[in-house]
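Below: one structure, written as structure tokens.
None of the figures in this text is laboratory data; all of them are computed from the coordinates on show. Keep in mind it's a predicted model, so treat the numbers as computed, not measured. Please note: Cβ atoms are built from the backbone with ideal geometry, for glycine as well, and neighbour counts cover all protein chains shown.
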């Protein structure tokens, strides 16, 4: 007989609310009349996210394993869940924007219509707006929240798929350049499936090694057995492949630039920020809770991967002329810096990485939000040339973008500097000083392409008849403003949030 | 937001003196008005912000606001003075702690202000003379389209100077110090479309930077030595510190002071700074800026008393500048530049006094206060002349202006009486004190002060007669008339100060007693009787006046400077070759150095940078090829990645 575990409803509420709202959203799609769907979905989405955040605040301070030990409710889990919800909120603001494109929002009116077909033209003419994105979005958010809290390999895998599958679909839904978008979705799906296979195989091997799938059990097995068996090493390696794919670490990063460029920009923002937070949450929990005992084995791997990641991200970023792709490489480089924080394997490292994720996530959403504003007739103009002289023609847009770039580059008085400083000092304290030196060099290289954009915006003549900045509605302004506020406030006055991350930096075992 | 916790410092002053008197902390609440003295700074800051941020919208009333935010602090200052005079002597120093200002690690400096008898004197001088200059500027700048901006800068100047004299630690003082430097740069270069003004502003700025390096070095040394930059803590700890270090700190502070106060060797900017509008010259010369160096030295008296070498250097600098400035003043045909030479010389008097140690600090401040009044009066009168002579300044083209500008003649004459030291006007008291004190400590310095007094009489008489007496030598186009009351009224007020300030300070107020708790005072012993000194001084003055009067009032003054003159005159006309020396010793070698550095930067540093950059971008383009868009090759990369991970695991296992 299967023993049904006790369910701690309150501790689970943040995740459950989002998932239930997503499920209701699916029903709404089936039963509600077409015109009523969008308002209902928006209410559902924002209501669920805000309620979820409220419950995170309520259960903050919990420190226990729930649902028979397969899920953890603890400081890091809740901090990162909160980060994910905030990222999702800002992304949702971008997704609901419909003032920018002359035809509606950023999504194809009907995903099923062939690109360029008569159907598509009609749907566009009728001004249909896609509403299925909302339940997909919520389920993905729920998956992310589970991902950072999963405490056994099975739930970890389920969460991975839950967050990924909706994203594969969302990535293919861009209203403009649909073929590129669909290609991106296809690539993301294929490679994602490929990496999931590695992940699953790794999980199976770890189960073979430990005889259990819970993280705590694996840790016990490692400390108990003393000697490292090939099963453990192969299992860890393959598990890493799956996780590192999600954070776009080199050499599992190739998908990122293509997918980021092809996806609808609000989804890119959500992916770049949310997936990164979720996947790093999972990596942190796996490395700290499950395989911390084998640190001597996996640390060199992560060191080398981290080094490769920030160097490839920074160096290839130099050659990009498309801002979306440039931000993709920037996110790869940041994955490298974050991995550095993971390898610190200390409370300082954990707190630093979480702080970094928060600041990076929110400013990334803001930066992608700004990318949606500069447009031509046929959609967003993301080539570097389109942003010439923006400092003169649109000082606010240019100033906000420059702020985000400064933050990405890690220039003081922005949140990015504090995050980078915290991560680097934690890594240096853990004995990876040589890698920190390399990371600083890589940041210097990356700073070059960030600052190049600033130079283009402020020191080149505006092109007379180029792309225009479209005035967005309040929702995009909220998303960008939120990013700006966080970037500035956490850059100048980071202590409260640093303290919060520090308090939250103990995993439940 | 600002927590206003106040503390009174008690000063013990009874010992008659060899040891410097230093403040000892005793906590007590400062009630009433003293909780609010930060408003002294807040008002001009507010004015500056409104005028500079408000922009053109404030053009209509900006000058009035700008004047009001200096007048109000003057009112507050007077009220504070009355309050302070009512207090017991040991209750007069008040510290207002506003907030902690942590700069880095354990390097903290409190955001704390200090009001004591010394800063009180400065507050009144700055706001009082400053107010009159503001009022005068309303008229003087009435035709300038940027008058509002001018008032914004003036307010910045006043605010920075007040911060400088009210700071309770050296770091905050440094903030004010730099603020003064910035404001002077903005104001000297106010007519920046004139090349000469822009160059002069730059020169003032650069030379002040040299001095500022001294101040920052001094502050760093203090922090390293004493672990603090607060006045009391530094002064209290100075006694136990290594004498060499204290001497070094003293010399660093002196370097700073020579920059701000235009003393040798950093004096050359002052003459050029005359390019600014005349109210600025008055402000720089009388109430602010140049007095900052004297303030710094007198404020740091506890340090200088322990560093006799540094103190002697102060004396030497003072004496040299006092004489050299007077010589420059004697030969310059430009009215304002002649007055600028005079400022150097008078500040030199103050440095001389300060260099005498406890015997002279009080007199340095006394003369500073007197100078603030008569020099402001002289400058504003000169500005009035200039305003009505189409901005000409060549005294050889003035003459006989008394016939058309009776008020200005009167006020200038008042300034003349004040500066030369004719009894019983300002300098008669302050300069005599310095002369006596110098004679008692160092006869050479004493003789120099008497000689400089004679020179002062000479160049002032020369200015007076060339400008207001003699025959008309005007250019064709000028039609001088008297200035409007908005300009003449402040001049009259200042004249009163120039005439009766000394009397007031000696017989009504007793400045010496007022300042002694802060600066300490040791009266010197004169080798000859008092009356003899006075007789000698007055005789010297008479000689100076007579020589100049005969030369410039009774004989005709040629409209072009005569050529066959003594080498000394030639040198004096060229400001004693200051610019040539600066250029030869510093500017040209500096230019060669920068040229070399530029060359090295282009070839060496940039070479490496460019090489690296092109290397990296080459790598970037090659790596980009891996991003070919095919999912299959991406999958292949991943497989390679798996192999790499496996390899690392294996290698790290067996290595």
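Numbers for the structure displayed
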read-out: Distance histogram for segment A:1-158 (every C-alpha pair counted, 10 angstrom bins, percent rounded to whole numbers); value: 10, 34, 29, 17, 8, 2
read-out: Shielding of B:629-639 by partner chains, average beta-carbon count, 10 Å; value: 6
read-out: For segment A:342-409: relative contact order, % (alpha-carbon pairs under 8 angstrom, 6 or more apart); value: 25
read-out: Degrees separating the helix A:323-344 axis from the principal Cα axis of chain A, which is the longest one; value: 20
read-out: Mean-position separation - Cα centroids, segment B:400-452 and segment A:1-63, in angstrom; value: 88
read-out: Acute angle (nearest 10 degrees) that the helix B:631-654 long axis makes with the longest principal axis of chain B, alpha-carbon atoms; value: 90
read-out: Efficiency of FRET between residue B:59 and residue B:192 - r from beta-carbon atoms, R0 25 angstrom, step 0.05; value: 0.85
read-out: FRET efficiency for residue B:588 and residue B:202, using Cβ-Cβ distance with R0 set to 22 Å, rounded to 0.05; value: 0.80
read-out: Inter-label distance, nm, simple model (7 Å from Cα along the C-beta direction), residue B:526/residue B:622; value: 8.9
read-out: Burial ordering of A:377, B:534, fewest other beta-carbon atoms within 10 Å first; value: A:377, B:534
read-out: Additional length obtainable on full extension of the chain from residue B:569 to residue B:49, 0.36 nm per residue less Cα span; value: 182.5 nm
read-out: Bins of 20 Å from zero: percent of alpha-carbon pairs in chain B; value: 18, 49, 22, 8, 4, 0
read-out: Rg to Rh quotient for segment A:369-509, alpha carbon positions, Kirkwood Rh; value: 1.06
read-out: Principal axis dimensions, largest first and in whole angstrom, of segment A:224-307 by Cα; value: 49, 21, 20
read-out: Packing rank of B:413-421, A:149-157, B:372-380, where each peptide gets the mean count of other beta carbons within 10 Å, highest leading; value: B:372-380, B:413-421, A:149-157
read-out: Angle in degrees between helix B:606-624 and the longest Cα principal axis of chain B, rounded to the nearest 10; value: 30
read-out: Within chain A, helix-based [θ] at 222 nm, where runs of 4 or more DSSP H residues each add -39,500 (n - 2.57), nearest 500; value: -23500 deg cm²/dmol
read-out: Stokes-Einstein translational diffusion, segment B:463-559 - Kirkwood Rh over all Cα pairs, 1.002 mPa s, 20 °C, in µm²/s; value: 117
read-out: Unit Cα scatterers, Debye sum, segment A:374-429: log10 I(q)/I(0) for q = 0.15, 0.17, 0.25, 0.30 Å⁻¹; value: -0.57, -0.66, -0.95, -1.11
read-out: Cα gyration tensor, segment B:105-223 - rounded (a/c under 1.5), prolate or oblate; value: oblate
read-out: Neighbour-count ranking [beta-carbon atoms within 10 angstrom, fewest first] of B:143, B:97; value: B:143, B:97
read-out: Residues in segment B:193-207 that a label on residue B:391 would reach, taking backbone N under 16 Å of a point 7 Å out along Cα→Cβ; value: B:193-201
read-out: Segment A:37-128, relative contact order in percent, only Cα pairs under 8 angstrom and at least six apart counted; value: 19
read-out: Estimated 222 nm signal from helices in chain B, with DSSP H stretches of n ≥ 4 weighted -39500 (n - 2.57), rounded to 500; value: -22000 deg cm²/dmol
read-out: Backbone N within segment B:466-480 under 17 Å of label point (7 Å from residue B:554 Cα along the Cβ vector); value: B:466, B:469-471
read-out: Chain B: relative contact order as a whole-number percent, Cα under 8 Å and 6+ apart; value: 12
read-out: Efficiency of FRET from Cβ geometry, residue B:220 and residue A:455, R₀ 35 Å, rounded to 0.05; value: 0.45
read-out: Cα gyration tensor of chain A - equivalent ellipsoid semi-axes, whole Å, descending; value: 35, 28, 20
read-out: Dimensionless Rg over Rh [the protein assembly as shown; C-alpha; Kirkwood]; value: 1.11
